[in-house]
């Protein structure tokens with residue numbers, strides 16, 4: 001429950017409180033490997049990354065890795081009460097994307113996409129959007145836009161709602177003005193506008 005609360009603070013951009021709650025969740029676990037502690041450690045890493053804390057991010061990711069390695073088989077599951085390598089690689093990629101560490105981010109993203117469960121469209125889409133963010137930051141705006149547009153176009157309007165659309169808008173906003181006339185940019189803009197989402201929500 002505390003790990004999920006930390007998520008709420010993270011997506012509300014209250015990163016310091018996300019760190020505090022995530023740490024509290026891990027303290028309650030008292031060094032016993034459990035899915036909630038692994039999730040909390042990974043979320044803590046993402047919050048540290050949002051704050052620009054490189055060392056704290058790496059330490060939290062290492063702790064999440066250690067907890068995951070110690071989980072029993074029943075806890076390594078894609079459910080509300082489990083935690084998996086797929087989830088950790090998504091969180092790792094997200095954290096390194098925030099830190100503008102493309103080398104580590106792309107490595108984690110590649111692994112996350114390899115092992116992401118077929119039905120988990122949220123982690124799949126967010127991982128690909130993180131990849132688009134890395135491409136944009138590294139100066140390949142056309143590839144970034146193409147990746148983001150292809151990702152959102154593969155989802156229904158309902159699936160795109162919420163954090164996926166918000167992330168798409170962030171990618172769009174980061175594209176330099178000189179690249180905004182290309183067709184993929186227009187497609188991405190249409191995909192993240194409310195009118196487009198309503199039109200495709202029945203799909």
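The values are calculated or read from the model by the stated rules, or taken from the named source; none is laboratory data. This one's a predicted model, so the numbers in the text were calculated from it and none came from an experiment. Note that each Cβ is placed from the backbone with ideal geometry, even for glycine, and that neighbours are counted across all protein chains shown.
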Every listed condition ((1) modelled with pLDDT under 95; (2) surrounded by fewer than 23 Cβ atoms within 10 Å (Cβ to Cβ); (3) in a helix (DSSP H, G or I)) holds for residue 118 save (3)
Checked region 155-173 for anything outside any helix (DSSP H, G or I), loosely packed, with under 14 Cβ neighbours inside 10 Å and within 17 Å of the chain's Cα centre (by Cα); matches are 162
Of those in region 28-69 that are touching a residue at least 12 places away in the same chain (Cβ under 8 Å) and outside any helix (DSSP H, G or I), the residue surrounded by the fewest Cβ atoms within 10 Å (Cβ to Cβ) is 52
Open item on the list: Is it the case, given these coordinates, that residue 129 is part of a helix (DSSP H, G or I), touching a helix residue (DSSP H, G or I) at 6+ places or on another chain (Cβ under 9 Å), at pLDDT 95 or above and closer than 22 Å to residue 47 by Cβ?
Closed with: yes
Exercise for the section: Would you be able to say whether some residue in region 6-16 is in a helix (DSSP H, G or I), in contact (Cβ under 8 Å) with a residue 12 or more places away in the chain and crowded, with 24+ Cβ neighbours inside 10 Å? Expected result: yes
By residue number, the members of region 177-189 that are modelled with pLDDT under 85 and either touching a helix residue (DSSP H, G or I) at 6+ places or on another chain (Cβ under 6 Å) or not in a helix (DSSP H, G or I) (or both) are 179, 180, 181, 182
Is it the case that some residue within region 139-155 is within 18 Å of residue 11 (Cβ to Cβ) and either without any contact (Cβ under 8 Å) to a residue 24 or more places away in the chain or in contact with a strand residue (DSSP E or B) (Cβ under 6 Å, 6 or more places away or on another chain) (or both)? no
Of (1) at negative phi; (2) at pLDDT 95 or above, residue 52 fails just (1)
Quick check: anything in region 80-92 surrounded by 14 or more Cβ atoms within 10 Å (Cβ to Cβ) and more than 16 Å from the chain's Cα centre (by Cα)?
-> yes
Checked 152, 191 against criteria (closer than 24 Å to residue 78 by Cβ and either crowded, with 21+ Cβ neighbours inside 10 Å or over 16 Å from the mean Cα position of the chain (by Cα) (or both)); the one match is 152
Residue hits (region 30-47; more than 15 Å from residue 105 (Cα to Cα) and modelled with pLDDT of 90 or more) are 34, 35, 36, 37, 38, 39, 40, 41, 43, 44, 47
The number of residues in region 121-149 that are within 16 Å of residue 186 (Cα to Cα) and either surrounded by fewer than 18 Cβ atoms within 10 Å (Cβ to Cβ) or in the same structural domain as residue 98 (by TED's automatic domain parsing) (or both) is 2
